[in-house]
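Bear in mind these aren't lab numbers, they're just calculated from the coordinates by the rules spelled out. As the structure is a computational prediction, the values presented were derived from the model and not from experiment. Every residue, glycine as well, gets a Cβ built from its backbone with ideal geometry; the counts of neighbours run over all protein chains shown.
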């Protein structure tokens with residue numbers, strides 16, 4: 001029987017982990033919403049951002065968080081280019097299928113380039129506050145995990161405000177909901193989709209930086225992430241950012257708590273059990289998104 | 001349309017060119033007359049690309065250093081050593097084809113092993129079929145020695161289960177009040193990493209030390225918060241990690257984040273890596289690790305190896321390089337004792353000699369049981385100050401074991 005302290009500790013760790021999952025999955029659900037694109041390379045971009053953060057820290061000696069000044073606009077631009085130059089040229093009838101293949105190729109290219117540039121050696125950012133923490137309800141909260149959580153909260157809140165309160169956000173949501181109708185009311189859906197894709201990739205820049213604070217990174221790490229992230233966006237409802245966030249928090253918490261009785265190996269199957277359950281019982285996802293119904 | 005009509009012609013042309021080329025290439029390097037001036041050709045397949053490329057290249061450097069150092073001293077039996085290295089791309093099918101080519105068609109005089117259990121087992125089987133001696137630098141898991149090989153020798157001090165033997169002996173010999181009472185184990189689901197932790201667990205449990213946490217995690221685990229929470233909540237005197245690299249580093253950092261301060265912390269592999277101290281922000285104080293090789297180990301040939309290796313490659317040798325070099329030393333001892341180096345009866349002579357004798361190497365004296373399992377244990381190193389030093393066994397130690405360890 002786990003002690004109270006261990007339970008509290010696990011709940012806190014689970015929430016912090018879930019917050020990070022939410023940030024990492026946000027872009028993935030956006031791409032699908034906007035374009036029906038399954039973006040296998042999302043986690044490769046996360047690792048790329050993590051490497052850039054590590055490089056910034058080890059070469060320039062500044063805090064890795066500062067790397068976002070460069071990586072966020074850079075990834076936004078790369079996202080727009082990727083969408084306009086590559087994905088928008090796919091035939092709509094086979095878009096979802098072909099996007100898997102194309103983005104798979106992109107993931108392999110990024111992994112190869114990372115290996116070429118930084119070698120396969122496993123890297124970890126060295127931070128003065130890497131193991132610092134404080135007590136909360138008898139549990140310990142690590143500063144780096146809290147920073148990652150804060151990054152997630154701020155960017156997801158920003159994304160939410162952007163989607164709900166700005167003209168671009170309305171246009172983006174209209175494009176997600178009904179592309180033809182959006183075009184009829186005068187929205188340039190092509191351009192909107194490009195910017196939307198850029199936005200998704202910009203979240204990867206933030207997410208990768210958050211990830212790099214408390215993880216050892218290596219070029220092929222992204223394969224470990226894509227599976228759980230895909231499960232999260234399906235459970236949350238494809239295309240729904242709040243849905244993905246809710247699913248991420250829930251699954252992160254479940255994983256952390258299940259580890260107490262079941263151990264690490266079985267606890268991580270919670271993602272796939274949730275994925276199966278969702279597809280069997282409620283294919284459109286549990287937290288929003290009506291999109292998946294149409295497929 | 002035109003292109004469709006042309007296609008068969010292009011195909012036919014391509015095919016005939018290929019045939020001509022194949023015919024030309026056929027009659028190349030056949031025949032291998034043996035004479036005492038010929039070099040001794042050593043056939044090796046190594047994972048130079050793919051999953052194991054990093055350690056594979058390390059082992060390659062070890063082999064190259066061995067060939068160069070031996071040749072500079074006049075070679076073996078007066079013959080120069082020539083390495084023939086193929087790349088198996090970390091692929092078990094490929095490694096079999098490589099050794100069949102090396103032994104069957106290239107007629108090499110000797111073969112030595114590739115890297116990792118997964119590749120050692122299939123290649124040792126090929127060597128066995130051809131009756132070749134097979135000394136290998138990296139196949140420490142139990143399954144290597146369960147296959148009934150009679151030609152195989154693992155050129156390292158100990159298999160995974162025996163890595164911590166010196167530490168277990170030392171701890172169990174402590175007076176009752178000082179002996180750690182409780183231990184937490186966390187091991188990767190991997191035969192090697194798990195073997196190290198469970199080897200120690202078995203011995204400590206037999207000595208009456210209680211196990212309070214026993215966690216196994218899959219190799220793709222990236223988040224160690226929950227495992228660390230479980231360990232910290234149980235407050236054991238000692239924590240043992242059956243780790244490779246990233247998992248060991250992440251687990252140590254996660255434990256430090258929870259402010260858990262054990263009296264003793266032992267992790268396999270990770271703490272001996274040159275990147276380790278940097279990765280965990282120099283909070284290494286007191287961490288123990290078994291090691292098969294140390295540049296500072298006092299064995300006679302080690303000094304020469306470190307010096308000449310550094311001159312050749314511009315860096316000091318690590319464990320992978322030392323394993324390759326040790327393999328070379330073992331083979332060389334067998335060649336000298338048998339007085340020959342060629343395929344055929346000579347191979348059995350060398351195998352018999354190795355089963356009966358002890359070989360001095362850079363990792364200490366090695367001897368083997370009938371399955372090729374080495375009979376030693378690993379040295380135990382500890383982070384003291386900002387350096388990792390040998391603390392066990394007593395005859396190789398550079399400094400005393402610090403126990404209980406200072407806070408990290």
Considering only the protein assembly as shown, what is the antiparallel percent among its DSSP beta bridges, to the nearest 5?
-> 40
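On average, how many beta carbons from a partner chain sit within 10 Å of the beta carbon of a residue in A:88-101?
Other-chain Cβ atoms within 10 Å of each residue's Cβ, averaged: 0.
Taking the convex hull of the Cα atoms, report for the range A:4-294 its projected area averaged over all directions, in nm².
On the way: hull surface 62.1 nm².
That works out to 15.5 nm².
Give the Kirkwood hydrodynamic radius (Å, one decimal) of the range A:38-158, defined as one over the mean of 1/r across all pairs of different Cα atoms.
On the way: mean 1/r = 0.0595 Å⁻¹.
This gives a value of 16.8 Å.
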Among B:298, B:317, B:175: highest mean-square fluctuation, GNM of chain B, C-alpha pairs under 10 Å = B:175
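Computed from the mean reciprocal separation of all distinct C-alpha pairs, what Kirkwood hydrodynamic radius does the protein assembly as shown have, in Å?
On the way: mean 1/r = 0.0356 Å⁻¹.
Kirkwood hydrodynamic radius for the protein assembly as shown: 28.1 Å.
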Of all DSSP beta bridges in chain B, what percent run antiparallel (nearest 5)?
-> 30
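Please arrange A:178, B:163, B:170 by counting, for each residue, the other beta carbons lying within 10 Å of its beta carbon, fewest first. Let's see the in-between values first.
Numbers: A:178 13, B:163 31, B:170 17.
Ordered from fewest to most neighbouring Cβ atoms within 10 Å, A:178, B:163, B:170 come out as A:178, B:170, B:163.
If neighbour count is taken as other Cβ atoms inside 10 Å, put B:230, B:73 in order from fewest to most. Don't skip to the answer; put the middle values down first.
On the way: B:230 22, B:73 9.
With the sparsest Cβ surroundings first, the list reads B:73, B:230.
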For chain A, what's the relative contact order in percent, using C-alpha pairs closer than 8 Å and at least 6 residues apart?
-> 35
Per-residue mean of other chain beta-carbon atoms within 10 angstrom of the beta-carbon, peptide B:98-105?
-> 0
Order by neighbour count: B:215, B:360, B:342, fewest other Cβ atoms within 10 Å first, most last.
-> B:360, B:342, B:215
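Of all beta bridges DSSP finds with both residues in the range B:70-220, what is the antiparallel percent, to the nearest 5?
Values: 1 of 13 bridges.
That works out to approximately 10 percent antiparallel.
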Over what distance in Å are the Cα centres of the range B:209-244 and the range B:84-98 separated?
-> 37
Can you work out the base-10 log of I(q)/I(0) for chain B at q = 0.09 1/Å, using the Debye formula on its C-alpha atoms alone?
-> -0.59
On a 0 to 90 degree scale, rounded to 10, what angle separates helix B:117-129 from the longest Cα axis of chain B?
-> 40
Once normalised by the length of chain B, the mean sequence separation of its alpha carbon contacts under 8 Å that are 6 or more apart gives a contact order in percent of 18
Taking the Cα atoms only, what angle lies between the long axis of helix B:300-313 and the longest principal axis of chain B, rounded to 10 degrees?
-> 60
Chain A: most fluctuating residue of A:96, A:209, A:29 per GNM, C-alpha cutoff 10 Å | A:96
In whole percent, the Cα-Cα distances of the range A:208-277 spread across 10 Å bins from 0 upward as 19, 45, 34, 2
Angle in degrees between helix B:246-257 and the longest Cα principal axis of chain B, rounded to the nearest 10 = 20
